[in-house]
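Heads up: the structure comes next, in structure tokens.
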Amino acid sequence: MENVIQTIAYGIVIGALYGLIGLGLGLIMGIMKFLNIAHGTFIMLGGYVSFWLFTLWGIDPYLTIPLVIVAMFLIGLLLYKLTLSPLLKLPHIGMRISNSLLITFGVIYVLDNAMTLVWKADVRTIIASYRGEALNLFGTRVPYTGLAGLGIAVLATVTLYFILSRTYFGKHVRAATQDAEAASLCGVNVQKTYLISCGIATALAGIAGVVIVSSYSVTPTGGLSWLLIGIVVMVLAGEGNINAILPAGIILGLVESASVFVVPIQYRQAIALLIFIIVLMFRPQGLFTKRG
Amino acid sequence: MLEISHVDVYYGDLQALWDVSLTIGDGEIVTLVGSNGAGKSTILKTISGLLKPKTGSISFDGMCLDKLPAHRIAGLGISMVPEGRRLFPQMSVLENLEMGASRRVARRVRHNTIGWIYELFPVLRQRAKQEANTLSGGEQQMLAIGRALMSHPKLLMIDEMSLGLSPLLVQEISRVIKDINKSRRIAVFLVEQDVNMALSIADRGYIVENGRIQGQGTARALLGSDRIKEAYLGISPAGKGS
């Protein structure tokens, strides 16, 4: 029984991180129909920024988040201006996914090599004083870094929900998503909403990077496995269904950690991909989207 | 107020408009009549900035619109109700209206403006919380016009208002259009297939065929002309009837 509760706790904690990873990816996909496969690489970059602030000035990794948000937001603006915005000229919206995939694949190469130059190919991680310590809840151990990750993921999701549903900017984003041309006729600068959304999505990648560097580790090429998780989460949630991303992440985390009861632990990563295939075969619209 | 002079417009390599010139004065109701594919919607899209003229120029209150993107043109006081309404389907009626007031100036007074829209179309008040895609066709058209009015435009352009609506609704909505034109001096540019209705509320009209302006005149003169009677109203001129 204790084993089961421990597994659930672990599943929720890791699942919240999965949700956080899917959030930025799903935001760009939902709004602009771009598949940013450099998202994992931006996560690593965010982790490095935090790592730098920690090693150079001894700033606690979680306190680096505001700085990481600002830095990654600006990088997101660059990403949009330099690589994604030219794709809006494509004649069909359906061509955006494949072309953005190609372009952001190039971005991965550039960033991978740049990060290797700056931070070497070594595995980097932040060992804060509380790293490895855990909260003991009736025999269930939850690491503090995991709890922090859970809190950050929930906070990020709630904040994003609030921005999209309550602010004028959020309304502009939703309008541009539903009908970009009609939005521009209403006086909405669609390009600008795209630009800022791209900044927000990249900042979200940076936040995920902070969580990862303080519970796991970062390497220049380490983004790929996190990217895969993010894509699985996005598909589980259903395209454009941003509110369902955190629940989808937690479901994935729970299933993945429960799988150790059935299959050996080294198959855990394969479980995510198996779920991915099953969902695409039977519910391609995602678990949470009602309309087919 | 609005002046289009000698405009040529292309879709890629295909020319859609040839040497189009027209004007809309302050507080006027002007209609554009013509058959399907004649270029009526193209003219509206060019004014609103969704298409750009290759030659010629468009000015509004002395301001050149040729280089401005659509959202800037909307900000100058030109509102368009696009063909097929183009509401934001997953946003509520209220949110759709709020979207119409994206300009800062309009945003500040939006609560009053919404009250005014609800007076014009009382059914929208009852539907305020509903998603736009749950509305009937007539309600959607009212919402689309309401959304366009939210920015307090000087010029309201409506593309195919009557499409798919019952004659009673068309009458109701055209009464409202006439009313806002009179009470608020909002100029209206009406693109219609229902030529009879359009000419009955308009001051002036233009006839467009094959991407060219082929005729113009006061609404009364056009209604009486043989050309309009024959081509659009299905009335054969006297003496030539079969």
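Quotient of the Cα radius of gyration of segment B:85-152 and 2.2 N^0.38 Å, N being its number of residues: 0.97. The mean sequence separation of alpha-carbon pairs under 8 Å and at least six residues apart, normalised by the residue count of chain B, gives a relative contact order of 27 percent.
Here the translational diffusion coefficient of the protein assembly as shown follows from Stokes-Einstein with Rh set to the Kirkwood radius across Cα pairs; for 10 °C and 1.306 mPa s it amounts to 61 µm²/s. Between B:Asn112 and A:Thr159, the simple label model (points 7 Å from Cα in the Cβ direction) yields a spacing of 3.7 nm. With N the number of residues in segment B:166-242, Rg(Cα) / (2.2 N^0.38 Å) evaluates to 1.22. Report summary: the helix-based calculation at 222 nm, which adds -39500 (n - 2.57) for every DSSP H run with n ≥ 4 and divides by the residues of chain A, gives -23000 deg cm²/dmol.
Across the options A:Tyr144, B:Gly25, A:Asn241, the greatest Cα extent toward the positive end of the charge dipole of the protein assembly as shown (unit charges at beta carbon of Lys, Arg, Asp, Glu) belongs to B:Gly25. Less than 5 angstrom separates the built amide H of B:Glu209 from those of B:Gln214, all sequence-distant by 5 or more or on a different chain. So what's the gap between the Cα centers of segment A:55-128 and segment A:196-232, to the nearest angstrom? For segment A:55-128 versus segment A:196-232, the Cα centre distance is 9 Å. The simple spin-label model puts a point 7 Å past each Cα toward its Cβ; for B:Arg104 and A:Phe261 those points are separated by 5.9 nm. For the residues A:Leu137, A:Leu17, A:Leu160, a GNM of chain A with alpha-carbon springs under 10 Å puts the largest fluctuation on A:Leu137.
What does the convex hull of the Cα atoms come to per residue for chain B, in Å³?
Spelled out: Cα convex hull of chain B, divided by residues, is 129 Å³.
When the alpha carbon gyration tensor of segment A:2-282 is reduced to an equivalent ellipsoid, its three semi-axes come out at 30, 22, 18 angstrom, largest first. For segment B:45-146, trypsin sites (Lys or Arg not before Pro) meeting the loop criterion (DSSP other than H, G, I, E, B) and having at most 14 other Cβ atoms within 10 Å: B:Lys54, B:Lys67, B:Lys129. Sparse packing (at most 12 other Cβ atoms within 10 Å of the Cβ) combined with a DSSP loop state is found for the following chymotrypsin sites (Phe, Trp or Tyr not before Pro) in segment A:89-145: A:Phe138.
Where Rh denotes the Kirkwood radius from the mean inverse Cα pair distance, what is Rg over Rh for segment A:159-283? Using only Cα positions, Rg/Rh for segment A:159-283 is 1.05. Computed per residue of chain B from DSSP H runs no shorter than four, each worth -39500 (n - 2.57), the mean residue ellipticity at 222 nm is -10500 deg cm²/dmol. Here r is the Cβ-Cβ distance between B:Val176 and A:Phe288 and R0 is 35 Å; the resulting FRET efficiency, rounded to 0.05, is 0.30. Using a cutoff of 8 angstrom between alpha carbon atoms and counting only pairs six or more residues apart, the relative contact order for chain A works out to 40 percent. FRET efficiency for the B:Gln193 to B:Lys67 pair, using the beta carbon distance and R₀ = 51 Å, is estimated at 0.95.
Counted by neighbouring Cβ atoms within 10 Å, the residues B:Trp116, A:Trp57 run from fewest to most as A:Trp57, B:Trp116.
In straight-distance terms, cross-link reach from B:Lys129 covers every one of the lysines whose alpha-carbon lies under 23 Å from its own, apart from those fewer than eight places away in the same chain; here that gives A:Lys171, A:Lys290. Calculated from the alpha-carbon coordinates, segment B:58-98 shows an Rg and a Dmax of 13.2, 38 Å respectively. For chain A, set up a GNM with springs between Cα atoms under 10 Å and report which of A:Gly22, A:Gly94, A:Gly11 has the largest fluctuation. Sorting by GNM fluctuation, first place goes to A:Gly94. For chain A, the residue among A:Trp119, A:Ile265, A:Val232 whose Cα projects farthest onto the positive side of the dipole built from Cβ charges is A:Val232. Between A:Asn136 and B:Glu131, the modelled label-to-label distance comes to 5.0 nm, taking each label 7 Å out from Cα in the direction of the beta carbon. Maximal additional length on extending the A:Glu239-A:Ile278 stretch stands at 12.4 nm, based on 0.36 nm per residue less the C-alpha distance.
Helix A:65-79 axis versus longest C-alpha principal axis of chain A: approximately 40°, rounded to the nearest ten. In whole angstrom, segment B:9-62 maps to an equivalent ellipsoid with semi-axes of 20, 15, 9, each derived as √(5λ) from the alpha carbon gyration tensor and ordered largest first. Helix A:2-32 and the longest principal axis of the Cα set of chain A meet at an angle near 20°. Given a Förster distance of 35 Å, report the FRET efficiency between A:Leu101 and A:Ile127 from their Cβ-Cβ distance, rounded to the nearest 0.05. Efficiency computed from Cβ-Cβ geometry: 0.45.
Pairs of alpha-carbon atoms within less than 8 angstrom and 6+ residues apart define the contacts here; what relative contact order does segment B:85-152 have, in percent?
56 percent
Between helix A:223-237 and chain A there is an angle of about 70 degrees, using the helix long axis and the longest principal axis of the Cα atoms.
A short reminder: the numbers here are calculations on the coordinates, not readings from a lab. Not measured: the values here are computed from a predicted model. Backbone-built Cβ (ideal geometry, glycine too); neighbour counts: all protein chains shown.
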